[in-house]
Amino acid sequence: MNTRLSHSVGPTERALLEMTIGDNFDRTAARFPEREAVVDVPTGRRWTYAGLRADVDALASALLEEGIVPGDRVAIWAPNCPEWVLVQFAASKVGAILVTLNPAYRSHELEYVLTQSGIRLVFAVPSFKTSDYEAMVTEVSPRCPGLDRVIIFGSDEWDSLLIRGDQASSERLTAVQAGLSPHDPINIQYTSGTTGFPKGVTLSHRNILNNGFFVGELLGYTEQDRICVPVPFYHCFGMVMGNLGASTHGACVVIPSPSFDPVATLTACAHEQCTSVYGVPTMFISMLDVPNFASYDLSSVRTGAMAGSPCPVEIMKQVTQWVPEVAIAYGMTETSPASTQTWVDDSLDRRVSTVGRAHPHVEVKVVDPATGETVPRGRSGELCIRGYSVMLGYWNEPERTTKAIDADGWIHSGDLAVMDEDGFVAITGRIKDMVIRGGENIYPREIEEFLYTHPDILDAQVIGVPDTKYGEELMVWLRLREGAEKIDASSLREFCKGRIAHFKIPRYVHCVDQFPMTVSGKVRKVEMREQALQILGL
């Protein structure tokens, strides 16, 4: 009997980067001064690494002139734009902890985060879409005792700040930067709390610099690469896998639009000759669904990453025809984020059906959620992660930190996974998403994957709803392809009959144009369950 356990350690041949983000950025700028570093497609602005370093240093010096010292919290509240990148690297050079604010926040959430992390300075755009950021910051500022100043991008204050920094001596910045440690906290990202207030995930230079570096290594990045980043910078996917994945390799970040737009992303990939493109599954689905998709010249696109939520097998197969070396990455904010990733030379089957193997210098294991014991390979359990990438903790919340990271340094993901004989990990669902129907444990992910084989279904999300007879019953929310006939419970039952177990066939069907989503592109199943009670009159 095979009793090999579900435990794996990533490769360690390539050493970790034991330096700060600022020092690594300077090293890249010195190696590739004339290569493009950032392209903002909407405004046409471009920076070489030499130009970006000059602007970053000016802003960093300005922060010192403002009285910012290492350990101070500086927030940024904006959609994707070049100023975001400037603030990210400038803050890292002076040791300021960058707090990335979700663009979807409203005043209540904003006030909590500004107060909980003790933010001294906020950078923001005046407004975006329906959000008046300037008005909201003005509203909550009197109730945030630590907040000293708010600077709006594009304002006279912003312009004068850059001029002031440009005129300042570089000696002070050099001295401050030299005094920083890779182990210092440098970033706080608030998790979207579905219960209670969000938690401030605190990450170090070492956490996120190395994670961005190794994501890029596994994607084969060099200074020749141009990475289209339509995922939000405020999230690890954008600022770590995107910005730091690029800066550690001398590659270029291409910003297609302030927030995700499928046409803008495809246009940027074509016009800027991007070699890589990022996205969560819903973004790739939207891009593939653009009516004239075939008319875009995407021949330059070699690789990319799909992450953020489980990647449907059928969608991944379609994406590989466009992005031949696309990788799936798995992670969470608390692990900087990537913990597993497929490699470019993995088989197509492995790249579409798993989330790859353990990342370099990272350990992963699968445990029985009830006992905590590591399960044999091939058996489902909770995925746990340990290594350099595990967060420092939740900001000022030691009790919540202790609950998340056990005494041996393992962080428990809450995700159900299976590890095969070669160490490849497949995510089978969320522990809390599991539906128990009449004593049967049902994992929505399995049903969703099957429904993607229906020719008229663009996207599918399965949830559990209360039922007097079975305890829980299955409901599926569907997005249909344009022109498709509406699918009801009866027609879906016919499609499923004889192909999946009868108890896995959804009883309720609800067709929508869009699912409830987070800003980072994740489907909000919590909100779906709440709406389902009203829709079904339960």
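Using r as the Cβ-Cβ distance of residue 290 and residue 50, and R0 as 30 Å, what FRET efficiency do you calculate, to the nearest 0.05? The partial results should precede the final answer.
Numbers: r = 36 Å, r/R0 = 1.21.
Efficiency computed from Cβ-Cβ geometry: 0.25.
Once the Cβ-Cβ distance between residue 399 and residue 115 is put in as r, and R0 is 22 Å, what FRET efficiency do you end up with, to the nearest 0.05?
E between residue 399 and residue 115, to the nearest 0.05, is 0.75.
Past 31 Å, Cα to Cα, is the threshold; run 365/522; 317/497; 403/525; 93/432; 432/497 against it and keep the listed order.
Numbers: 365/522 25 Å; 317/497 25 Å; 403/525 24 Å; 93/432 40 Å; 432/497 27 Å.
Where the Cα-Cα span goes over 31 Å, the pairs concerned are 93/432.
Multiply the residue gap between residue 379 and residue 526 by 0.36 nm, knock off their C-alpha separation, and tell me the result in nm, one decimal place.
50.2 nm is the gain from fully extending residue 379 to residue 526.
Using Cα-Cα distances under 8 Å and only pairs 6 or more residues apart, what relative contact order does segment 434-535 have, in percent?
24 percent.
Tilt of helix 262-271 relative to the longest C-alpha principal axis of the chain, in degrees (0 to 90, nearest 10)?
Here the helix axis deviates by roughly 60 degrees.
Could you give each residue of segment 369-386 its phi-based ³J(HN,Hα) in whole Hz, using Karplus coefficients 6.51, -1.76, 1.60 with θ = phi - 60°, and x for Gly or Pro?
Couplings: x, 7, 9, x, 7, 5, 8, x, 4, x, 9, 6, x, 8, 7, 10, 10, 9 Hz.
Tell me, what ³J(HN,Hα) does each residue in segment 155-163 have, in order and in whole Hz, if you take phi through Karplus 6.51 cos²θ - 1.76 cosθ + 1.60 with θ = phi - 60° and put x for Gly and Pro?
The phi angles translate into 7, 4, 4, 4, 4, 5, 4, 5, 5 Hz.
Could you tell me which GluC sites (Glu not before Pro) in segment 444-521 are loop residues by DSSP with no more than 14 other beta carbons within 10 angstrom of their beta carbon?
Answer by residue number: 482, 485.
Per residue of the chain, what 222 nm ellipticity follows from adding -39500 (n - 2.57) for every DSSP H run with n ≥ 4, rounded to the nearest 500?
Working: 16 runs with 162 residues, N = 538.
My calculation for the chain gives -9000 deg cm²/dmol from helical runs alone.
Where in segment 489-533 does the label zone of residue 129 land, with the point 7 angstrom along Cα→C-beta and an amide N cut-off under 11 Å?
517-521
Calculate how steeply helix 313-322 sits against the longest principal axis of the alpha-carbon atoms of the chain, using the helix alpha-carbon long axis, and give the answer as 0 to 90 degrees to the nearest 10.
50 degrees
For residue 225, list long-range residues whose amide hydrogen, built 1.01 Å from N in the peptide plane, is under 5 Å from its own amide hydrogen.
Here the answer is 252, since their amide H atoms fall under 5 Å of that of residue 225.
Determine the dipole magnitude for the chain: charges of +1 sit on the beta-carbon of Lys and Arg, -1 on that of Asp and Glu, nothing else is charged, the reference point is the Cα centre, and the result goes in debye to the nearest 20.
Values: 48 positive and 67 negative charges, 183 e Å.
Charge dipole, the chain, about its Cα centre: 880 debye, nearest 20.
Once the piece of chain linking residue 533 and residue 14 is laid out straight, how much longer is it, given 0.36 nm per residue of separation minus the C-alpha distance between them?
On the way: separation 519, 0.36 × 519 = 186.84 nm, distance 5.16 nm.
So the extension gain works out to 181.7 nm.
Using Cα pairs closer than 8 Å and at least 6 residues apart in sequence, work out the relative contact order for the chain, in percent.
Result for the chain is 13 percent.
Could you list the GluC sites (Glu not before Pro) in segment 1-96 that lie in coil according to DSSP, counting only those with at most 14 other Cβ atoms within 10 Å of their Cβ?
Sites meeting the loop and neighbour criteria: 13, 18, 34.
To the nearest 20 debye, what is the magnitude of the charge dipole of segment 211-321 about its Cα centre, counting +1 on the Cβ of each Lys and Arg and -1 on the Cβ of each Asp and Glu?
In total the dipole reaches around 100 debye.
Could you tell me which residue out of 200, 233, 178 lies farthest along the dipole of segment 141-245 toward its positive end? Charges go on the beta carbon: Lys and Arg +1, Asp and Glu -1, centred on the Cα centre.
In segment 141-245, that residue is 200.
Starting from the amide H of residue 480, placed 1.01 Å from N in the peptide plane, find each other amide H under 5 Å away whose residue is 5 or more places distant or on another chain.
Amide H neighbours of residue 480, under 5 Å, 5+ apart: 458, 512.
Which of the trypsin sites (Lys or Arg not before Pro) found in segment 115-167 are loop residues per DSSP with 12 or fewer other Cβ atoms within 10 Å of their Cβ? Don't jump to the answer; show the numbers that get you there.
Working: sites: 120, 129, 143, 149, 164; in loops: 129.
Here the trypsin sites (Lys or Arg not before Pro) that fit, given the DSSP loop and packing criteria, are 129.
Once the other residues with Cβ under 13 Å from the Cβ of residue 71 are scored (Lys, Arg +1; Asp, Glu -1), what is the net sum?
Computed value for this residue: 0.
Which one of 501, 521, 532 has its Cα pushed farthest toward the positive end of the charge dipole of segment 434-535, where Lys and Arg give +1 and Asp and Glu give -1 at the Cβ?
Positive-most Cα among the choices belongs to 501.
Once the cut-off is 22 Å, how many percent of the Cα-Cα pairs in segment 434-535 end up in the long-distance tail?
For segment 434-535, the share of Cα pairs beyond 22 Å comes to 26 percent.
Once the dipole of the chain is set up with Lys and Arg at +1 and Asp and Glu at -1 on Cβ about the Cα centre, which of 38, 417, 128 lies farthest towards its positive end?
In the chain, that residue is 417.
In terms of modelled amide H atoms, which long-range or inter-chain residues lie less than 5 Å from the amide H of residue 414?
Hits under the 5 Å cutoff: 383.
Output the relative contact order of segment 15-61, whole-number percent, from Cα pairs under 8 angstrom with separation of 6+ residues. Don't jump to the answer; show the numbers that get you there.
Working: 34 pairs, mean separation 14.0, N = 47.
Averaging sequence separation for qualifying contacts and normalising by length gives 30 percent for segment 15-61.
Through the Karplus equation 6.51 cos²θ - 1.76 cosθ + 1.60, θ set to phi - 60°, convert the phi angles of segment 69-74 into ³J(HN,Hα) values in whole Hz; use x for Gly and Pro.
So the J values, rounded to whole Hz, are 10, x, x, 5, 9, 10.
On C-alpha positions alone, give me the angle between the axis of helix 49-65 and the longest principal axis of the chain, in degrees, nearest 10.
Result, in degrees: 70.
Obtain the nm distance between the two label points defined at residue 4 and residue 167 by a simple spin-label model: each point lies 7 Å from its Cα along the Cα-to-C-beta direction.
6.7 nm
Every number in this text was worked out from the coordinates using simple rules, so none of it is lab data. Since we're looking at a predicted model, the values are computed, not measured. Counting neighbours? That spans all protein chains shown, and the Cβs are built from the backbone with ideal geometry, glycine included.
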